[in-house]
1. Taking the Cα centre of the stretch 121-206 as origin, work out the dipole magnitude from +1 charges on Lys and Arg Cβ and -1 charges on Asp and Glu Cβ, in debye rounded to 20.
2. Kirkwood hydrodynamic radius, the stretch 77-174, all distinct C-alpha pairs: what's the number in Å?
3. For the stretch 249-331, take the alpha-carbon Rg, divide it by the Kirkwood Rh, and send me Rg/Rh.
4. Checking a compactness column here: for the stretch 7-100, what do you get for Rg(Cα) / (2.2 N^0.38 Å), N being the number of residues?
5. If Lys and Arg each add +1 and Asp and Glu each add -1, what is the summed charge of the other residues whose beta carbon sits under 11 Å from the beta carbon of Asn14?
6. 7 Å from Cα along Cα→Cβ at both Phe312 and Ser112: what's the point-to-point distance in nm?
7. Would you list the membrane-span-like helices of the chain, meaning whole DSSP H runs whose alpha-carbon atoms span at least 18 Å along their axis and whose mean Kyte-Doolittle value is at least -1.0?
8. What's the local net charge at Gln260, with K and R +1, D and E -1, over the other residues with C-beta under 12 Å away?
Amino acid sequence: MKILKKIKYIDIKNLLEKNSLKVNSLILDDEIFESIKSLYNAKENDLSFFSNQKYFNNLKKIRAKACLIDNQYIDYLPKNCKPIIVSDTYLALALITNLFSDDEQKSNGIISDYSIISSQSKLNKNVQINSFSVIKDNTEICENVCIGSNSTIGPNVLINKNVIINDNVSISNSIIMENCIIKSGAKIGGTGFGFEMKTKQKISHNGNVIIGKNSSIGSNTTIDRAVFDSTSIGEYSNIDNLVQVAHNVNIGNFAVIAAQVGIAGSTIIGNHVKIGGQAGISGHLKIGDNVTIAAKSGVTKNISDNMIVAGFPAKDIRLWKKEVIRNSLKK
């Protein structure tokens, strides 16, 4: 049975204000919430949220004790539900879910007797290493790192502080900056897909991978080491499950990359880029800042800053929509 977390309103308010969100509510500071749930499922001791007008009908029937909501919608709330007026509902939701989270991982400082630690590695304070994990040569693991079971770290790896590495992860030839999360099954720093085309002579990969701070790498995602220099992922980037990042790819800060995306070698991707699921990006391209690539798109050419593209070959989404309509009318 799940243990309910009891969170006081004052804790919610303090968290939001700490993150520069304006909060306005008549709820007492000691009021308790047991969970945060959707409009439809929330009950009398729960907190809920409203951020999308298509759920107006659910809002009118809400049973929650309180609701995160924009000021313009408070008149739609029934009297049984108290408004918590916030300046950014969805950001408020994202922050508050961490208060109610039951899967927070922190190092307990225990190193399993069933792990294997190289004498040529360095472990700093409060490192947790679970059973059957291996730490290889020339590896340093900094403070408060948690490593799950059956993972292999090294050789030639630096794991900075507060990193969470889940089960069955393989990391070699890499630098992982602080506060990153590496989910189960990820493979980082292995040799990429490279050979001379005529003779199929293999090209040795001698570079590494660098993952910026506060980034998340999804399950069964593969990030190949560079031939030279570094394959890099920027800070505050979120990469979903089953993504392929080839050798020498550079991805900027605040990237959001959905599942089953494939990025070919030596492509450079800017900051604040969003890539939809199952999109494919050819090699040696340059993708600008603030670009959005729709799901299932095939990118074969460079993309300038601030563009939204879709289709195969990927093009300005307005042109793609016109083509889709034109083709549908021909049928």
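1. 280
2. Taking the inverse mean of 1/r over all distinct Cα pairs, the stretch 77-174 comes out at 15.3 Å.
3. That ratio equals 1.00.
4. Rg over 2.2 N^0.38 Å, computed on Cα atoms: 0.95.
5. For residues surrounding Asn14, the net value is 0.
6. 4.1
7. 317-330
8. Result for the local shell: 0.
Computed from the coordinates by the stated procedures, all read-outs in this text should not be read as laboratory data. Since the model is a prediction, treat every value here as computed from it, not as a measurement. Positions of Cβ are backbone-derived with ideal geometry, glycine not excepted, and every protein chain shown enters the neighbour counts.
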